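Heads up: the structure comes next, in structure tokens.
The values are calculated or read from the model by the stated rules, or taken from the named source; none is laboratory data. Everything numeric here is computed off the predicted structure, so don't read it as measured data. Here Cβ is always computed from backbone atoms with ideal geometry, including for glycine, and neighbour counts include all displayed protein chains. When the accessible area is computed, the model is the full protein with side chains, heavy atoms only, and any ligands, DNA or RNA have been set aside. Shrake-Rupley method; radii C 1.70, N 1.55, O 1.52, S 1.80 Å.
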Amino acid sequence: MTKIGTTGGRRALLPVVLLAALAAGCGTQRAADTAAAGATPHGATATPSTPVDRPCPGESTTPTPQAPTPSASPTAPPQDHYAENHGFMVPFPLHGDRRCQGIEEAGRVRKALEPLRRRGDFSTDAVRGALLGLGYPAERVETYRNGPTSVDFLVQADDYPVCVEGDMNRARTETDAFGGYPDQTGCDRPTGGH
């Protein structure tokens, strides 16, 4: 017995069956695959990870009290875009081993400048000489007079960069370490817009 039209019907049905099979499996992912790939399951949103810093040698493990963050009221007027437009001037924080290096470098700088401060030597040349004495290259050390009894300084400790900035005045020698600025290399604070 001969069947007429069966082969043509099967050929026409083949693309429909293949399309249905592909559509059924398209966009699905098993939970085990999601967990193994480190992805979030459907419906969840991914959030960036926050670096966790270990205590560095000589650092206190007591947490510093944080000021409460103000909450925005729903009827508050729209904010200006100052922070958004000046974000390029906000330095990068250091994390991990670089953070420990920054703390160590800031301590070295403070220790080298303290004798000058106690002596009352607030000349930029004396501050620069003390910083060069720590082994920093001359082109990576900047000093600025900030009144008769205050000197500001900036040191690029390495190419990462690890930067140390601060102020030496009658009351104290203050230092802070950071990791440079967005949109440029080095430690100098950018002055232009983005």
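General remarks:
- Neighbourhood charge, 12 Å Cβ-Cβ cut-off, centred on LEU94 and excluding it, Lys, Arg +1 and Asp, Glu -1: -4
- In order along region 89-104, phi translates into HN-Hα couplings of 9, 8, x, 6, x, 9, 9, x, 5, 5, 5, 4, 4, x, 4, 5 Hz, rounded to whole numbers, per the Karplus curve 6.51 cos²θ - 1.76 cosθ + 1.60 with θ = phi - 60° and x for Gly and Pro.
- Length-normalised contact order of region 70-177 in % [C-alpha pairs under 8 Å, at least 6 apart]: 25
- Rolling a 1.4 angstrom probe over the protein heavy atoms with all chains in place gives region 91-162 an accessible area of 53 Å² per residue.
- Sum of side-chain charges, CYS56 neighbourhood, beta-carbon under 10 Å (Lys, Arg +1; Asp, Glu -1): -2
- With 0.36 nm allotted per residue and the present C-alpha distance subtracted, the ARG119-ASN85 stretch has 8.0 nm of extension available.
- Net charge contributed by nearby residues that have their C-beta within less than 10 Å of GLY179 (K/R +1, D/E -1): +2
- With all protein chains in place and a 1.4 Å probe, the accessible surface of region 144-189 carries 42 percent carbon and sulfur.
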